[in-house]
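As structure tokens, the structure follows; a few thoughts come after it.
Read-outs: derived from the displayed coordinates by stated rules, not from any lab. If you're wondering where the values come from, they're calculated on a predicted model, not measured in any experiment. When we count neighbours, we look across all protein chains shown, and the Cβ atoms used for this are built from the backbone with ideal geometry, even at glycine.
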């Protein structure tokens, strides 16, 4: 591995000057031409910065860690892509830690050992547990895409669910709604919004839980039919798409007999659905942009208020709710 000393000797410069240029230090007062020469020479010689060494010295490493169930569902894959894009555009390298397969505390400790400059958390941490991990090596962090007792950026899922059901009630005259999800606990915010909309219009609110989508969705469709439902809000687009298939197999017409709205607005799922799926759009690009903005502010020494930043959802209209498109 090429060392700074070798680059300095080749150019007849001091190691401190070469180091300052390659690390982008503001105090480095050399000409633009000489900076270019140093950078070009370093690249030609195959110089690779030792970021772990910089981290051990308490210096910035231009590295951000992201932890969570990174690719469990389509919307999370989209979120990771947006976070990577935002950080890469700022010159940062991203370390990914999937807590679905490895203990989240071990991942955070590994990130800290590599001298990360900041942390984006999409894993289920209590604030006390997370901050106790960061006590010895404090780094700025932002919790992403979930409500948290601290600084976080997330979609306003309650509003998204409320707006979706209200649309089916006001625009399509539906009066017997049901919420269909894979797991009620993990979709509690959406169910709360669903119940609030049902309560506003004095309607009963029911739910159907489908833990195993591949094996149990037909049973869930049968349950929806037995409830004589005329409107379904699904917890995500996969649930909605599979449910529509089984409802149609049972002889129901979507949307004539029953309206269906999904959640997340995953384009390829919405387009493949027949009719095209109406869905609550999860603007992950806005979630990612805000989360990175708050993280960078902290890294740059700006004090950031400890609060939840809610991103407003949008209703992406298809034909499954009853709208003509």
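In this structure, residue 2 and residue 90 have a Cβ-Cβ separation that, at R0 = 30 Å, corresponds to a calculated FRET efficiency of about 0.70. If R0 is taken as 45 Å, the Cβ-Cβ distance between residue 249 and residue 103 corresponds to a FRET efficiency of 0.60. If you plug the beta carbon distance of residue 132 and residue 209 into 1/(1 + (r/R0)^6) with R0 = 30 Å, you get a FRET efficiency near 0.30. Using a simple spin-label model with pseudo-atoms 7 Å out from Cα toward Cβ, residue 35 and residue 222 lie 7.1 nm apart. Take every pair of alpha-carbon atoms less than 8 Å apart whose residues are at least six positions apart; their mean separation over the length of the chain yields a relative contact order of 16 percent. Between the stretch 261-310 and the stretch 89-118, the C-alpha centres lie 21 angstrom from each other. Of the peptides 301-310, 219-228, 95-104, 171-180, the order by per-residue mean of other Cβ atoms within 10 Å, starting with the highest, comes out as 171-180, 219-228, 95-104, 301-310. Subtracting the Cα-Cα distance of residue 149 and residue 302 from 0.36 nm times their residue separation leaves 53.1 nm of extension gain.
The long axis of helix 237-249 is offset from the longest Cα principal axis of the chain by roughly 30 degrees. For the stretch 157-282, the relative contact order works out to 25 percent when only alpha carbon pairs closer than 8 Å and six or more residues apart are counted. Our summary gives the stretch 103-235 a relative contact order of 22 percent, counting only alpha carbon pairs under 8 angstrom and 6 or more residues apart. Separation of the stretch 131-154 and the stretch 204-254, taken as the distance between their Cα centroids, equals 36 angstrom. Which of rounded, prolate or oblate describes the stretch 157-282 when judged by the alpha-carbon gyration tensor and an a/c cut-off of 1.5? It comes out rounded by the Cα gyration axes.
Ranked for footprinting exposure by Cβ neighbours inside 10 Å, fewest first, 321, 270 give 270, 321. In this simple spin-label approximation, residue 71 and residue 256 carry label points 7 Å from Cα along the Cα→Cβ vector, and these lie 4.2 nm apart. Please report the antiparallel percentage of DSSP beta bridges with both residues in the chain, rounded to the nearest 5. About 10 percent, rounded to the nearest 5.
Against the chain, whose longest principal axis comes from its Cα atoms, helix 32-44 is set at around 80 degrees.
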